[in-house]
Each structure stands twice: as structure tokens, then as C-alpha cells.
Amino acid sequence: MTLKNILHTGLCGLLLMSVASCRKSSALDVDMSKYIVDNPATTDLDNWITDNLTNPYNIQLQYRYERDLLGDVGKDVSPVKLDKVQPTAQAIINIFLKTYEKVAGVAFIKTYTPKQFVLFGSPAYNTDGSLTLGSADGGRRVILYDLNNLDFTNPAQVSTKMLTIHHEFTHILNQSIAIPPDFLLVTKGDYMVDWTNGTNTEAVAKSLGFVSRYARQDYNEDFAETVAALLIKGQLWFDSYAKAAGADGQTKLKKKEALVVDYFKQYFNINFRELQYEVGNVLRLTYNDKTRGFMYAWQNNLLAKPLVVDFNQPHYARFGQSAKFQTVWNNVKAGLATAGYTLVSFNVVFVSPTVIQMQHTLVNAAGVGVAWYDYNIAINANDDITFTKFDNGSNASGYANGRTALPFFTPLNNYLATKLFKADWFPATATDGGSNYLKFAGFYVSNEPDNYFYGKF
């Protein structure tokens, strides 16, 4: 079982030639005298590993070079550089062990987590042009390759390595509890052992309902790839990917997601959404992964639903609201009331990375109506947001009503036009935990955190 990173098809031949040359003549760039020692002295690094990994989790970290621990002893793989060992171990602790421990408990960690991690510096090169980045050996050992080039200040590189770990750990779980047969049936006729074949493009794999090219190899790899993608790439990425797969591909991908969530709950009593939340939170807060932020989701068209701001909903009583914004809102309501209208709520529609539409719902004696306003969005280098209202000229009823009601919305439009804003998932009390994962977001005035409005997706 291996997790492989495919070389770009268009460069495959050239890269394979480069790989062959490197394997024959390139130096390993590691002083082997520091590794091949029959009885190595205990170092500060060893003590750190003992205190932070071995004692609390009963897990051994093998970083000294031992060829017989390779998944394939016939391959030439370099040792891991010493300065990569502790950051790798810390990432394993932060993004893998502690997240599972928090959601599933200590007993789960002791029962299911691998008892040994083995580290190597270079990838393992395969004859089909792919690279092996990790493997799970016998359900008790995870081997990680290609660590010497890992930059721990680069969130994307950290995420890629953690994708490998979560993929391989899923294999270990599957060895304890088999993958449900229903998962195989979703795309049963579309698996291909020769998954590196040029006909298996990313677009083809996506349209068939696979989360990656490699997922097409067999249903075991498919399940592990799906789990790892949901945890490391995140739910918004997965939903966007599924939507881009077309109707059939999306249906299959969402079915696989549902089976993954059910598998973790039914067999391990793990709330998968809580696990997603914990993994994403660590990546965002500890490793500065901006792809987990609300701004990234908005600017990359990952928000499929409008943000609903309805102060009649119970979550505002539970999580609070801004008194400063309520003053603005109440002024608009009071003005509309003089004309016989009751302002109920509004939706924030993310039309594009540069345009937001606010759809206000009003009620009068004749029934329910809407008033729509569009805003151009400018974002500076500090992620400060500027709203500029504009009239798009549409004669749709929402826009026509908006023009009629425009004088009553002056307090809100002035509020938006005269301040700089930040956008984020918040408030903190609403975004703490998987039950509210990716559900609440909004805008607050820069340097004025008590002046904000937020809604629910």
C-alpha cells in the first residue's frame, strides 16, 4: 500500500531520465557516519522523541538509517537529515496524534495508531514514473519518504506530508475494520490497476467520482484517498471538487463521503466532522495554512451558499451579536417602518471574488418583498476590505425594489462605505467545534472587533 505522487504527464519522460541520472551518480548529501552506528549514543534529539512521542504515545521514531526497514529493500533511499527529524515528529504529534486523541480518546490512540514511524530523506522511485511518499507496513509501522526537501514554513508542503500520514493510517484502520462493501459498489467498474496510464487524467478520474488519479487503483486506495482529502484538503475543497466533477461524479463523490463519515461513526464512534475541524484548526493556527480561512474560500469560489443574516434566529442569542451593528440595523428598520415595511433579514451572496450582493427581505401588508444591492469589493495587501455600492442596471424586481427603498438603507450603505472590514469564520464561540464546522462567518471593522455582522451558511 503506497501513496504516490504522480509526475506531470507532459514531463514524465524527461523527469524519468533525470531520476535515473540522479540515482546513478548524485551524492546522497548526507554524512552517513552520523547514522551507521551499532550502539549510538543518546542525543538531545533522542531525549525529545522519548519525552514527546515514545512515552506519551508508545510510538518509536526510527530516523537512523536501516535499509531493512524500507518498504522495498531493493530501492536506493537516502537517510533523513537530522534537522528534519524533530519538525516531522512535531507535525505528526500536532496534526495526526493529538487530533485523533482529542476526538477519539486515549484508548483509540493506544489501540490503533502505528507503533513505529520510520523516516527517510528521499522519495522511493518507482518503475512507472511515480514516487512513493509513504507506506503502511503490517498495520503497525508507517514509513515516510522525501523528508529532506520538506519546508515546515510552507503550509502546502506540510499538508502534503500529512495527507500521506492520514492516508496510511486509514489503511491501518481498514485492516482492523474492513471497508464497507457499499463503498466498492459506488465506482466498482471504474478501477484500474494501471492508474498511471495516460488515459487516467485528473479530469477523467474526477468525472468518474474519484478524489485523485491514484484513487482509481483499487477501492482500498480510493477509501484512503477520500479520507485523507476530506481531512487535509478540507470540506470546502472537497465540495468544490465534487461540484466540478459533473452531476454523476458529484453524486458518487458525495456518496463516498457519506460512507466515510458513517464508517468512522459506526465502527470507531468518531465524529468525522469534529476530526475535520480539529485537523483544519491545527493546520490553520499552527502551520498558517491560509487555505482554511474564510477569505481563501471566498476568493477561490468555494462558497456555494449565501450567508444568511437573520437576527430572529436562536444562534444570535446563543453566540451574541454586535451592539454597534445593531444600531445601524435598527435605524434602517425604523426608516422602513415609516413606509409600512418590516425589515426581516438579508443574505450575503458571494457573486465573485470582487462582487457581493446583499438581498434584503421585507414584509408589508401586501406580502413579502426583496431589495437587492450590489457592491464592488477591493482587498488591500493587509486583507482589508472596502465595499463600494454600484447599480448594475438590471430591471429585475429585486433591483427595482432596491432603488425604491434606497433612501431607507442609507445608514447601512454609509456604514459599509466608510469603513474597512475584515472577513473571517466567527464569532469564536460559534466556530469552536465540529458541530458548527464552516457554518458561521462574517465581517468586522478593522481594529474594531466589537463592530461586526455575521451569518450562517
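Condition check ((1) assigned to a strand (DSSP E or B); (2) at positive phi) across all residues:
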position: ILE356; (1), (2): yes, no
position: GLN359; (1), (2): yes, no
position: LEU362; (1), (2): yes, no
position: ASP374; (1), (2): yes, no
position: ASP383; (1), (2): no, yes
position: PHE387; (1), (2): yes, no
position: SER394; (1), (2): no, no
position: TYR399; (1), (2): no, no
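Taking ASN347 as the residue in question, decide whether it is among the polar types (S, T, N, Q), closer than 30 Å to ALA91 by Cα and either in contact with a strand residue (DSSP E or B) (Cβ under 9 Å, 6 or more places away or on another chain) or open to solvent by less than 30 Å² (accessible area, probe 1.4 Å) (or both). Criteria not met by ASN347. Of all residue pairs spaced 6 or more apart or on separate chains, those with beta-carbon atoms under 9 Å, a first member in the stretch 203-220 that is free of Cβ contacts under 8 Å to residues at least 24 places away in the same chain and a second member that is open to solvent by less than 40 Å² (accessible area, probe 1.4 Å) and of a type in the set (Phe, Trp, Tyr) are VAL204/PHE210; ALA205/TRP195; ALA205/TYR214; ALA215/TRP195; ALA215/PHE223.
Mind listing just one residue for me: the one in the stretch 355-364 that is free of Cβ contacts under 8 Å to residues at least 24 places away in the same chain and open to solvent by 30 Å² or more (accessible area, probe 1.4 Å) and, of those, nearest to the chain's Cα centre (by Cα)?
Step one: of the stretch 355-364, the residues free of Cβ contacts under 8 Å to residues at least 24 places away in the same chain are 355, 357-358, 361, 363.
Filter once more, so that each one left must be open to solvent by 30 Å² or more (accessible area, probe 1.4 Å): 361, 363.
On the way: THR361: 33, VAL363: 40 Å.
Going through the qualifying residues, I end up with THR361.
Restricting the stretch 154-191 to residues that are over 13 Å from PHE96 (Cβ atoms) and under 17 Å from the mean Cα position of the chain (by Cα) leaves a set whose member that is surrounded by the fewest Cβ atoms within 10 Å (Cβ to Cβ) is ALA156.
If only one of PRO407, PRO411 is under 20 Å from PHE453 (Cβ atoms), open to solvent by 40 Å² or more (accessible area, probe 1.4 Å), in contact (Cβ under 8 Å) with a residue 40 or more places away in the chain and assigned to a helix (DSSP H, G or I), which one is it? Spell out the reasoning first.
On the way: PRO407 fails: under 20 Å from PHE453 (Cβ atoms).
Matching residue, one of PRO407, PRO411: PRO411.
Taking first residues from the stretch 423-436 that are of a type in the set (S, T, N, Q) and partners that are assigned to a loop (DSSP other than H, G, I, E, B) and at pLDDT below 90, the Cβ contacts under 9 Å between residues at least 6 apart in sequence or on separate chains come to THR431/TYR437; THR431/LEU438. Given the structure, is ALA304 open to solvent by 30 Å² or more (accessible area, probe 1.4 Å) and closer than 27 Å to LYS188 by Cβ? No. For GLN90, the criteria (1) within 10 Å of LEU119 (Cα to Cα); (2) open to solvent by 10 Å² or more (accessible area, probe 1.4 Å); (3) of a type in the set (S, T, N, Q); (4) under 28 Å from the mean Cα position of the chain (by Cα) hold in every case but one, which is (1). Candidates in the stretch 49-65 are the residues that are of a type outside the set (Ser, Thr, Tyr) and without any contact (Cβ under 8 Å) to a residue 24 or more places away in the chain; of these, the one that is surrounded by the most Cβ atoms within 10 Å (Cβ to Cβ) is PRO56. Can ASP76 be described as open to solvent by 30 Å² or more (accessible area, probe 1.4 Å) and free of Cβ contacts under 8 Å to residues at least 24 places away in the same chain? No; evaluated as a whole, the condition is false for this residue. In the stretch 425-451, the residue that is farthest from LYS290 (Cα to Cα) out of those that are within 17 Å of the chain's Cα centre (by Cα) and outside any loop (DSSP other than H, G, I, E, B) is SER435. Summed over the stretch 365-392, residues that are free of Cβ contacts under 8 Å to residues at least 60 places away in the same chain and open to solvent by less than 50 Å² (accessible area, probe 1.4 Å) total 11. Answer with yes or no whether ASN288 is closer than 30 Å to TYR241 by Cβ, open to solvent by 50 Å² or more (accessible area, probe 1.4 Å) and at pLDDT 95 or above. No, not satisfied.
Answer yes or no: is there a residue in the stretch 29-45 that is surrounded by 15 or more Cβ atoms within 10 Å (Cβ to Cβ) and modelled with pLDDT of 95 or more.
Our first condition is that a residue be surrounded by 15 or more Cβ atoms within 10 Å (Cβ to Cβ); within the stretch 29-45, this holds for 30, 35, 45.
Now drop any that are not modelled with pLDDT of 95 or more, which leaves 45.
Scanning the stretch 29-45, I find at least one residue that is surrounded by 15 or more Cβ atoms within 10 Å (Cβ to Cβ) and modelled with pLDDT of 95 or more, so the answer is yes.
When the stretch 114-152 is limited to residues that are part of a loop (DSSP other than H, G, I, E, B) and free of Cβ contacts under 8 Å to residues at least 40 places away in the same chain, the one that is most open to solvent (accessible area, probe 1.4 Å) turns out to be THR127.
The values are calculated or read from the model by the stated rules, or taken from the named source; none is laboratory data. It should be emphasised that the depicted structure is a prediction, and the values quoted were computed from it without experimental measurement. Methodologically, a virtual Cβ is constructed for each residue, glycine included, from the backbone with ideal geometry; neighbour enumeration extends over all protein chains shown. All accessible areas refer to the heavy atoms of the entire protein, side chains included, with ligands and DNA or RNA removed. Shrake-Rupley method; radii C 1.70, N 1.55, O 1.52, S 1.80 Å.
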